[in-house]
Amino acid sequence: MHDWQRSVIYQVYPKSFHSHAGNATGDLLGVVDKLDYLQWLGVDYLWLTPFLRSPQRDNGYDISDYYAIDPSYGSMADCDVLIREANARGIKLMLDIVVNHTSIEHEWFQQARSSLDNPYRDFYIWRDQPNNWASKFGGSAWEYEAQTGQYYLHLFDHTQADLNWDNPKVRAEVYALMRYWRDKGVGGFRLDVINLISKPAHFAQDDTDGRRFYTDGPNVHHYLQEMHREVFAGHDLVNVGEMSSTCLEHCVRYSRPESEELSMTFNFHHLKVDYPDMQKWVRADFDFLALKRILSDWQVGMQAGGGWNALFWCNHDQPRAVSRFGHSGEFRVVSAKMLATALHCLQGTPYVFQGEEIGMTNPGFERIEQYRDVETLNIYRIQREAGVAHDDCMAAIRQKSRDNSRTPMQWNHQPHAGFSSVEPWIDLPENATLINVQNQMNDPSSVLHHYRRLIALRREEPLLVHGEYRELLVDHPRVWAYLRQGEGESLLVLNNFYGTACEVELPEHVITQGMTQRLLISNYDAHPPRTRRICLRPYESFAVHLTPL
Ligand code: TEU
């Protein structure tokens, strides 16, 4: 068993975590300030979203120097302090590596754009004519570069130019920069949209947006195996790939140990259950049966293929889980705990995104001026130009904008929730005084203590790591029930996803006469179930260890 299979990873969005300097944006020493808290919480790894030098057009996912810290986050010396202080507390740092694209301010792009025969020209992807491929942030994926009269490819913002991975010099540069960070003592990498790096030889016209040509592209496994040999082999690293619009077969290949590619993969299928007809920018409720089906299929499929899932509800690109799949009003606390239990009892490595552990909600910003995210602002402009009414745009943005998760971490009752001493770069939700770490630290029945218990359970209960996932009550429209089975023992996990009580009847083999039951965690004062018929209260959830006689 790999140690990271028993680990929990905490995601820090440094811009919104804590400002040591007291500025409008967070910094690396601000993360150092909170390491004792993270150690208390019990997490094993910290994934920090990019803090390398960047014009910050996409909050650091547009890197202009892979060997320098962005001055807004501090210095290289601060970074060394962070790595050292985290390691001293048994916490390793995962660096976010963004190598599908660079900022157009990167020296390579500056060189490349200067002339057709510049040695860096081939670091990027140029064509005389654009095709119909779409940028994931709206509009065309091609931008015209007047000086040399060609278009360059950008799957994201036009300031994020895609690197040409078929050029061996590009790959050599990428592995070199990863070795630099590896040798500095980071414990692993999170690889941004890494399944998009291999583009096809021909840029065909497409009847959709082109993604089927470059998603899990022709040489992607070959390049990841090369990265493994060049960077990972012989080192104790955890590497997670962010996989955009991927599929199960590829994720098994990316993450099974025999492939020698990555440790695990993120995919987003379960987070599209509120995208009607795959449309993100429409307000919509989530489809619960689809959510269960997708998560179950990935549990079963990854287990069968020997792959490994990264488990998550939240990250810096997604709305807050409690607002999305739970209840942000009277049932906020129980529903946040239910979501946590449902996820943490699955097979895979759980990720906690800053603020999730205290049940932070979407901020519900009403005005477009309160939003900062490049994707949100692009979409607003494009939709308005296409004639969509302001109110309809805003209803979708309020629900779906990436800024929902990017508001400052809520630490305490001080001004700006203890995040900074000046007005932060983005507003805080109004409920910040109610929902914060300080309140919950002192309250053993809080969401925070529930997370701490779940994180500890990962290490205590081997069944959470290797128990076989079996779904129960597959068609139940409100309850997600599953087992994690081992030899002669199992865990039973029940989760009511709705705010009304409901009764379920478990199959006969699950609860048998005289079996021993040990309650591991619950979000109400609950006793282990004595019979097969169980009444679940609003958002009730628990996990129980069962040993038949
Ligand atoms: O995101 C990749 C990605 O495709 C999405 O999660 C994206 O935000 C979503 O499709 C938009 O609707 C990664 C990073 O996590 C994100 O923050 C970056 O903006 C993006 O790559 C580009 O580097």
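The values are calculated or read from the model by the stated rules, or taken from the named source; none is laboratory data. This is a predicted model, so every value here is computed, not measured. Cβ placement follows ideal geometry from the backbone for every residue including glycine, while neighbour counts extend to all protein chains displayed. Just the protein is used for accessible areas: all its heavy atoms, side chains included, with ligands, DNA and RNA removed. Shrake-Rupley method; radii C 1.70, N 1.55, O 1.52, S 1.80 Å.
Restricting to the stretch 385-402, name every residue that is among the hydrophobic types (A, V, I, L, M, F, W, C) and away from the ligand (no atom under 16 Å from the Cβ). Before you say what the answer is, go through the steps one by one.
First pass over the stretch 385-402, keeping only residues among the hydrophobic types (A, V, I, L, M, F, W, C): 386, 388-389, 393-397.
Result: Ala386, Val388, Ala389, Met394, Ala395.
Do we have any residue at all in the stretch 65-83 that's within 16 Å of the ligand (Cβ to nearest atom), in contact (Cβ under 8 Å) with a residue 60 or more places away in the chain and open to solvent by less than 50 Å² (accessible area, probe 1.4 Å)?
Among the residues of the stretch 65-83, at least one is within 16 Å of the ligand (Cβ to nearest atom), in contact (Cβ under 8 Å) with a residue 60 or more places away in the chain and open to solvent by less than 50 Å² (accessible area, probe 1.4 Å), which makes the answer yes.
Give the residues of the stretch 277-311 that are open to solvent by 50 Å² or more (accessible area, probe 1.4 Å) and either touching a Ser or Thr at 6+ places or on another chain (Cβ under 6 Å) or within 16 Å of the ligand (Cβ to nearest atom) (or both), sorted by residue number.
Asp277, Met278, Gln279, Val282, Arg283
Could you look through the stretch 130-169, keep only residues that are aromatic (Phe, Trp, Tyr) and closer than 17 Å to Ser115 by Cβ, and pick out the one that is farthest from the ligand (Cβ to nearest atom)? Walk me through it before giving the result.
The initial filter retains those residues of the stretch 130-169 that are aromatic (Phe, Trp, Tyr), namely 133, 137, 142, 144, 151-152, 156, 165.
Those left that are additionally closer than 17 Å to Ser115 by Cβ: 144, 151-152.
Working: Tyr144: 21, Tyr151: 19, Tyr152: 16 Å.
Restricting to residues being aromatic (Phe, Trp, Tyr) and closer than 17 Å to Ser115 by Cβ, the top hit is Tyr144.
So, in the stretch 256-287, how many residues would count as being part of a loop (DSSP other than H, G, I, E, B) and out of contact with any Cys (no Cβ under 9 Å at 6 or more places or on another chain)? I'd like the intermediate steps shown before the answer.
Filtering the stretch 256-287 for residues part of a loop (DSSP other than H, G, I, E, B) gives 256, 260-263, 267-268, 273-275, 279-287.
Still in the running and out of contact with any Cys (no Cβ under 9 Å at 6 or more places or on another chain): 256, 260-263, 268, 273-275, 279-280, 282-287.
Counting residues in the stretch 256-287 that are part of a loop (DSSP other than H, G, I, E, B) and out of contact with any Cys (no Cβ under 9 Å at 6 or more places or on another chain) gives 17.
Please find, among Val422, Val334, the residue that is aliphatic (A, V, I, L, M), assigned to a loop (DSSP other than H, G, I, E, B) and either within 18 Å of the chain's Cα centre (by Cα) or at pLDDT 95 or above (or both).
Numbers: Val334 fails: assigned to a loop (DSSP other than H, G, I, E, B).
Residue meeting the stated conditions: Val422.
Can you report the number of residues in the stretch 320-335 which are buried (at least 23 other Cβ atoms within 10 Å of the Cβ) and within 16 Å of the ligand (Cβ to nearest atom)?
2
Criterion first (outside the structural domain of Pro130 (by TED's automatic domain parsing), within 16 Å of the ligand (Cβ to nearest atom) and buried (at least 17 other Cβ atoms within 10 Å of the Cβ)) does Tyr214 satisfy it? Explain how you work it out, then say what you get.
Numbers: outside the structural domain of Pro130 (by TED's automatic domain parsing): yes; within 16 Å of the ligand (Cβ to nearest atom): yes; buried (at least 17 other Cβ atoms within 10 Å of the Cβ): yes.
Yes, satisfied.
Being among the charged types (D, E, K, R), in contact (Cβ under 8 Å) with a residue 40 or more places away in the chain and more than 16 Å from the ligand (Cβ to nearest atom) narrows it down to one residue among Arg127, Arg121; which is it? Quick ask: steps written out before the conclusion?
On the way: Arg121 fails: in contact (Cβ under 8 Å) with a residue 40 or more places away in the chain.
Answer to the selection: Arg127.
Does the stretch 94-114 contain any residue that is more than 16 Å from the ligand (Cβ to nearest atom), touching a strand residue (DSSP E or B) at 6+ places or on another chain (Cβ under 9 Å) and assigned to a loop (DSSP other than H, G, I, E, B)?
Checked against the condition, which is being more than 16 Å from the ligand (Cβ to nearest atom), touching a strand residue (DSSP E or B) at 6+ places or on another chain (Cβ under 9 Å) and assigned to a loop (DSSP other than H, G, I, E, B), the stretch 94-114 yields no hits at all.
Is there any pair with a first residue in the stretch 189-210 that is farther than 23 Å from Leu224 by Cβ and a second that is away from the ligand (no atom under 12 Å from the Cβ) and open to solvent by 40 Å² or more (accessible area, probe 1.4 Å) whose Cβ atoms are under 8 Å apart and which are 6 or more apart or on different chains, and what are they?
Ala204/Phe213; Gln205/Asn132; Asp206/Asn132; Asp206/Arg212; Asp206/Phe213; Asp209/Asn132
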